[in-house]
Amino acid sequence: MKSKDINYNQDYKYGFTTDIENIKAPKGLSEETIKFISKIKKEPKWMLDWRLKAYNRLKVSKEPNWQKPKFPKIDYQDLYYYSAPKSMQDKPKSLDEVDPKLIETYNKLGIPLNEQKKLSGVAVDAVFDSVSVATTFKDELTKKGIIFCPISEAIQKHPDLVRKYLGSVIPINDHYFATLNSAVFTDGSFVYVPPNTKCPMELSTYFRINASETGQFERTLIIADKGSYVSYLEGCTAPMRDENQLHAANVELVALDDAEIKYSTVQNWYPGDKEGVGGIYNFVTKRGACRGKNSKISWTQVETGSAITWKYPSCILQGDNSVGEFYSIAITNNHQKADTGTKMIHLGKNTKSKIISKGISAGKADNTYRGLVDIGRKAINSRNFTQCDSLLMGNTCGAHTVPYIKNKNSSSTIEHEATTSKINEDQLFYCNQRGLSQEEAVSLIVNGFCKEVLQQLPMEFAVEAQKLVGISLEGSVG
Amino acid sequence: MLNFKIDSSEIDKVGNFNKQEKDFRLKNLENFNKNGFPNKRNEDWKFSDLREIVSKNFKKLNFHSTNNTEQKIDLIKEFEHNFIVLTNGELTSSNFSYEDKDKIKIQKYSNYPLSEKTELNPLISLNHAMANKGFILEVEENYKFNKILVIYSLYTDKLNENIINCKNKIKIGKNSELHTLEYLINNSKANFFNNIYENIVLDDSAKFKNICIQKNKSSGYFHKYSNNKLGTNSNYSSFVFPAGLKFNKLDLEFDLTGKNSECKLLAASYLSQKDHQEIKTRINHFASDCKSFQKVKNVLDSESKGVFQGKIFVKDIAQKTDAYQLSKAILLNDSSEFNSKPELEIYADNVKCSHGSSSGSIDKNSVFYLMSRGLSKKESVNLLIDGFLSEITNEIKNQKIKTFIINRLRIQLDGHKKH
């Protein structure tokens with residue numbers, strides 16, 4: 001029998017706003033805005049120069065238009081590029097000094113910063129609009145030599161590392177949104193794991209957009225030095241608003257010899273209402289470089305939110321024997337549009353990559369897998385396997401697969417397969433017969449469809465993600 | 001560097017046209033002049049930068065307008081057939097001795113329906129603007145061909161730096177059946193460019209089978225756009241064995257507009273020596289209960305480049321679609337390259353659509369096995385290639401035609417090995 005406490009018809013439960021006094025940069029995109037951000041972050045001159053270089057580049061570049069989902073023109077002058085709670089102006093020294101309103105916001109989101117300190121083994125960096133609110137477990141990590149801090153702090157305290165790696169994977173002239181991010185990025189996480197160190201706990205960042213008319217531009221940089229290992233999680237939510245908000249993040253990963261980075265995302269930005277009004281434009285650039293031999297980068301993503309998602313977490317497999325992995329679930333419902341996938345660029349010898357992508361489309365949504373597998377001439381004995389499965393619910397939605405496959409070398413093998421289908425009616429019937437409601441049954445079947453990807457997620461996220469899969473499809477069948 | 005702009009006076013040189021047609025041609029020429037030969041910025045030409053290829057290999061392009069006199073050709077002796085001969089794209093003779101002539105209409109290209117659409121592919125615009133050759137074949141209702149129709153496509157040696165634009169149309173009436181073999185004979189040693197626009201219409205319950213193969217290697221640059229419309233219960237199978245052209249792009253579009261229609265595309269190629277070949281397909285499922293099947297196999301040797309871009313489009317009303325697409329490639333040499341882009345665009349939920357694409361080296365264990373049985377390495381590899389491509393040739397049901405095709409493929413393979 002259907003248990004009463006499972007409510008699949010709940011709305012977006014993270015849609016509340018926190019009423020808090022903000023400090024904002026002057027509206028619009030200009031040199032002044034960039035100087036304002038740089039000043040408020042107390043950045044050194046090289047950082048400001050870097051931002052301005054990006055800004056100059058931005059002036060001559062154009063928005064990309066090859067993606068399938070089209071969107072109304074964004075007025076970049078009508079946005080705030082920096083917004084931070086006033087109480088964060090003088091950085092609190094410990095969690096106890098943080099504005100209780102903020103702590104409460106995170107409690108409501110299920111990220112109890114205080115409790116987290118004592119209970120679970122996850123270190124959290126919480127980013128609220130343009131500023132990092134708190135980072136937990138800092139001391140314990142410091143003992144091991146691991147640096148986990150907001151990137152603005154890293155720019156001040158570890159300039160050598162930041163200068164060396166920032167922009168080395170995503171150059172400032174990469175494409176429009178990456179360049180925009182380079183010019184105006186506000187906060188994000190910085191992780192450095194020293195050689196031969198296994199990070200003892202999951203590192204996690206929780207992003208929250210709160211202020212209206214604001215874009216969030218976070219920048220994350222993770223460096224795993226030789227022989228190290230780190231697992232990083234990322235979660236995001238935003239309030240319900242009938243305006244579209246822009247989120248353009250850049251994430252750079254660098255894995256040196258024998259290092260491994262595992263990067264997991266559960267993206268649950270506000271997707272807009274049933275009529276497709278509002279929601280976040282999630283235009284994100286994520287790229288990892290396997291610089292060293294035997295290095296490994298693994299991306300796992302569960303994309304359920306956002307009005308439009310453009311996101312292609314990629315791996316550049318430079319080091320010999322390096323491995324790239326991409327596991328993805330993209331769920332779109334109502335008027336959501338997702339265009340997501342990965343790029344696996346094989347440059348080193350014996351490099352391997354694996355892509356598992358599951359797309360689920362319901363309502364009037366469009367879901368596209370777009371990916372590139374490129375095996376270069378020198379990448380001998382390389383291997384790729386790609387599997388893209390799509391599930392359609394109803395005939396008002398679409399599921400698309402656009403893979404680009406390039407092979408320039410006779411000792412490498414590329415395999416790609418894709419299928420599109422609907423939920424098997426026999427399975428539905430069987431579940432119904434056992435007493436599950438239509439929606440529970442769909443949730444169960446879809447969870448099974450996604451299993452291969454869900455099991456890649458760390459425990460703490462897997463449970464939440466499973467629930468999310470069910471909720472996102474609410475009302476799509478029957 | 002080649003000047004891509006074509007003066008509008010060239011249109012008058014290829015023929016006299018009435019005002020309406022002249023305007024249509026001028027409009028298309030303008031579109032071509034605006035875009036030029038497509039380059040890799042154009043999504044459909046991502047893997048085949050034609051602008052670069054043309055400017056590297058051609059100094060200028062003349063439009064072929066001289067009349068072609070018929071030349072003697074060696075007819076295929078292996079099986080009885082009807083035939084038509086196209087000399088440099090122009091219809092020069094036809095012979096339907098095995099058929100009822102009242103049921104068949106064949107004529108030279110003349111007024112062609114003018115489409116209002118602005119073409120995205122500049123080469124189609126170029127064809128619309130400059131076409132002056134080709135044929136129209138119509139088969140009446142309820143008529144089944146007794147023998148295969150061979151279309152001899154002859155390219156003479158007078159084609160230096162010429163560009164040929166031709167339009168061909170085949171229309172098959174209700175319940176009729178036609179089987180054709182396109183046979184390309186290349187006598188030209190010089191560079192030339194051939195730009196074909198083809199239109200095939202299958203009425204309800206019509207059946208059409210086409211095989212396309214080349215006799216010999218050629219220094220021609222080929223582009224063919226083929227638009228195929230399938231009516232209710234119709235059936236279309238196409239076998240293509242393209243190889244040995246310096247550049248070849250087949251752009252095949254199938255519109256499944258009638259219920260229960262079925263289309264099948266099978267291709268096998270052996271590419272070598274700087275051959276550049278692209279097969280691009282787009283199967284549009286516009287009606288329910290249709291089936292489509294595509295299988296493309298490529299073997300790539302020294303410095304060759306193969307491309308497959310396939311797209312299956314399923315409209316929201318096209319429920320119960322069954323679509324399948326498979327592309328397989330073997331790379332024999334590190335200087336060869338294979339790119340593919342198998343696409344699905346699906347808006348209906350009760351469908352079965354899948355695609356697969358793989359590329360890799362020849363299986364070393366299989367080579368080892370054959371060598372351990374006493375075959376040389378070369379023999380082993382050749383045997384495995386034979387086996388790989390035979391999956392396509394095995395689909396040809398007529399034994400005589402099948403043997404003919406297999407022999408031609410073997411010549412392609414051996415011919416290369418001698419170099």
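The table for this structure:
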quantity: Mean Cβ neighbour count within 10 Å, used as a protection proxy, ranking A:444-452, B:226-234 highest first; calculated: B:226-234, A:444-452
quantity: Within region A:18-38: backbone nitrogen closer than 14 Å to the A:Asp75 label point (7 Å, Cα to C-beta); calculated: A:27-29
quantity: B:Gln107 versus A:Asn65: modelled label distance in nm, points set 7 Å from Cα along the beta carbon direction; calculated: 4.3
quantity: Region B:358-384 versus region A:231-287: alpha-carbon centroid distance in Å; calculated: 49
quantity: Mean Cα-pair separation over length for chain A, i.e. relative contact order, pairs under 8 Å, 6 or more apart, %; calculated: 11
quantity: Total charge dipole magnitude, region B:1-230, about the Cα centre, Cβ charges on Lys, Arg, Asp, Glu only, Debye to nearest 20; calculated: 580
quantity: Cleavage-rule hits (trypsin sites (Lys or Arg not before Pro)) in region B:357-419: DSSP loop, at most 10 neighbouring Cβ within 10 angstrom; calculated: B:Arg373, B:Lys397, B:Lys418
quantity: Dipole magnitude (debye, nearest 20) for the protein assembly as shown, charges at Cβ of Lys, Arg, Asp, Glu; calculated: 2660
quantity: Cα centroid of region A:294-369 to Cα centroid of region A:381-448, whole Å; calculated: 14
quantity: Inter-centroid distance (Cα atoms) of region A:143-195 relative to region B:173-221, Å; calculated: 58
quantity: FRET E, pair B:Ser390, B:Thr118, Förster distance 35 Å, beta-carbon r, rounded to 0.05; calculated: 0.20
quantity: Kirkwood-based shape ratio for the protein assembly as shown, expressed as Rg/Rh from alpha carbons; calculated: 1.02
quantity: Computed E for A:Lys144/A:Lys45 - FRET, C-beta separation, R0 30 angstrom, nearest 0.05; calculated: 0.40
quantity: Relative contact order, percent, chain B [alpha-carbon distance under 8 Å, six or more residues apart]; calculated: 9
quantity: Expected 222 nm ellipticity per residue - DSSP helices of 4 or more, -39500 (n - 2.57), all of the protein assembly as shown, to 500; calculated: -6500 deg cm²/dmol
quantity: Overall form of chain B per C-alpha gyration tensor (a/c, 1.5; a/b vs b/c); calculated: rounded
quantity: Highest to lowest packing among A:270-277, A:227-234, scored as the average C-beta count within 10 Å; calculated: A:227-234, A:270-277
quantity: R0 of 41 Å, Cβ-Cβ distance B:Arg410-A:Thr419: FRET efficiency to nearest 0.05; calculated: 0.70
quantity: Ordering of A:299-305, A:39-45 by burial proxy (mean other Cβ atoms within 10 Å per residue, highest first); calculated: A:299-305, A:39-45
quantity: Fewest-first sequence of B:Tyr221, A:Tyr81 by Cβ atoms within 10 Å of each Cβ; calculated: B:Tyr221, A:Tyr81
quantity: Out-of-range pairs (alpha-carbon distance over 21 Å; input B:Lys209/B:Lys295; B:Lys56/B:Lys215; A:Lys354/B:Lys274; B:Lys189/B:Lys274; A:Lys45/A:Lys143; A:Lys138/A:Lys467); calculated: B:Lys56/B:Lys215; A:Lys354/B:Lys274; A:Lys45/A:Lys143; A:Lys138/A:Lys467
quantity: For A:387-396, mean number of other protein chain Cβ atoms within 10 Å; calculated: 4
quantity: Loop chymotrypsin sites (Phe, Trp or Tyr not before Pro), region B:243-295, which have at most 16 other Cβ atoms in a 10 Å radius of their Cβ (DSSP); calculated: none
quantity: Residue order, fewest to most beta carbons within 10 Å, for B:His81, A:His175, A:His247; calculated: A:His175, B:His81, A:His247
quantity: Taking B:Leu184, B:Leu384 and counting other C-beta atoms within 10 Å, the order from fewest to most; calculated: B:Leu384, B:Leu184
quantity: Shielding of A:419-426 by partner chains, average beta-carbon count, 10 Å; calculated: 4
quantity: Label point distance in nm, B:Phe368-A:His158, each placed 7 Å from Cα along Cα→Cβ; calculated: 4.7
quantity: Contact order relative to length of region B:1-230, as percent, for alpha carbon pairs under 8 angstrom and 6 or more apart; calculated: 18
quantity: Region B:109-218: C-alpha gyration tensor shape, a/c 1.5 cut-off, then a/b vs b/c; calculated: oblate
quantity: Cβ neighbours within 10 Å from other chains - mean over B:357-366; calculated: 5
quantity: Whether chain A is rounded, prolate or oblate, judged on the alpha carbon gyration tensor where a/c under 1.5 counts as rounded; calculated: rounded
quantity: Per-residue HN-Hα couplings for region A:272-284 [Karplus 6.51, -1.76, 1.60; θ = phi - 60°; Hz; x = Gly/Pro]; calculated: x, 8, 5, 8, x, 8, x, x, 8, 8, 9, 10, 10
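A short reminder: the numbers here are calculations on the coordinates, not readings from a lab. All values reported here derive from a predicted model rather than from experimental measurement. A quick note on method: Cβ atoms are made from the backbone with ideal geometry, for glycine too, and the neighbour counts reach across all protein chains shown.
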